[in-house]
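Chemist: I am attaching a structure below and will ask some questions about it afterwards.
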Amino acid sequence: MPDLTKTAGLARAADAFDALIDERGWGQGPLLLRVEGTLDPDAGAELGIKQLDVHPAQALLGFSAPLAWTAIGVSAEGWATPCTDTHYGYRLDVPTGSEESPKRVPSLVLLDRDGNVASRLRGEDGRVITEAPEEG
C-alpha cells in the first residue's frame, strides 16, 4: 500500500512542475525533472529541470539517478485523442478534423524511489488529467 504522505508530496511536486512547464509555453522540448530532499515542495524539496536535446528515452538509457534524488521524471509534448483498446493495441476512435481530433498536450511523469507515480497531462483547454499511467 502506498505511503499517503509520500504520494501527496509527490503529487504536489508534480503540480509545481506542471505550473513551471505551463509558464514555459508550447514547443520548448523535453525535460528531465528531479526532486531532491523531501518529495514535497511545501516542505523544502528542491526541484530541478534540465532541457534535453534528445528523446527522453535516449537520455535516460543507462542513466542512474544520484542517491540524493528522491524522484525523477520527464516532461514532453505529445498528442492526445480518445482511443479504444483493441486486441492488437490502440486505435483512434474519431475521424481526423472533428472536434475530437488529436490535440497537442504537454505531459509529465514523476517516479519516486518507492515506485509511487504522479503525472499531469494538460489539454489546450487548460484541463489537467492527474491519473498516473498504468504502463509505458
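The values are calculated or read from the model by the stated rules, or taken from the named source; none is laboratory data. The structure presented is a predicted model; accordingly, all values stated were derived computationally and were not measured. Neighbour counts are summed over all protein chains in view; Cβ atoms, including those assigned to glycine, are modelled from backbone coordinates with ideal geometry. For the accessible areas, the whole protein counts, side chains as well, though only heavy atoms, and no ligand, DNA or RNA atoms are used. Shrake-Rupley method; radii C 1.70, N 1.55, O 1.52, S 1.80 Å.
Chemist: Scan the range 55-82 for residues that are in a helix (DSSP H, G or I), among the small types (Gly, Ala, Ser) and open to solvent by 40 Å² or more (accessible area, probe 1.4 Å) and jot them down.
Modeler: Once the filter is applied, which keeps residues that are in a helix (DSSP H, G or I), among the small types (Gly, Ala, Ser) and open to solvent by 40 Å² or more (accessible area, probe 1.4 Å), the range 55-82 yields only 57.
Chemist: So, one more: For the range 31-52, what are the residues that are open to solvent by less than 30 Å² (accessible area, probe 1.4 Å), in a loop (DSSP other than H, G, I, E, B) and in contact with a strand residue (DSSP E or B) (Cβ under 8 Å, 6 or more places away or on another chain)?
Modeler: 39, 45, 52
Chemist: On the given criteria, is residue 85 loosely packed, with under 13 Cβ neighbours inside 10 Å and either touching a helix residue (DSSP H, G or I) at 6+ places or on another chain (Cβ under 9 Å) or at pLDDT below 75 (or both)?
Modeler: Against the criterion (loosely packed, with under 13 Cβ neighbours inside 10 Å and either touching a helix residue (DSSP H, G or I) at 6+ places or on another chain (Cβ under 9 Å) or at pLDDT below 75 (or both)), residue 85 qualifies.
Chemist: Say we look at the range 8-26 and pick out the residues that are touching a residue at least 24 places away in the same chain (Cβ under 8 Å) and open to solvent by 40 Å² or more (accessible area, probe 1.4 Å); which of these is farthest from the chain's Cα centre (by Cα)?
Modeler: Step by step, filter the range 8-26, then rank; the result is 26.
Chemist: Looking at this structure, is residue 117 open to solvent by 40 Å² or more (accessible area, probe 1.4 Å), touching a strand residue (DSSP E or B) at 6+ places or on another chain (Cβ under 6 Å), modelled with pLDDT of 90 or more and of a type in the set (Val, Ile, Thr)?
Modeler: So residue 117 passes the test.
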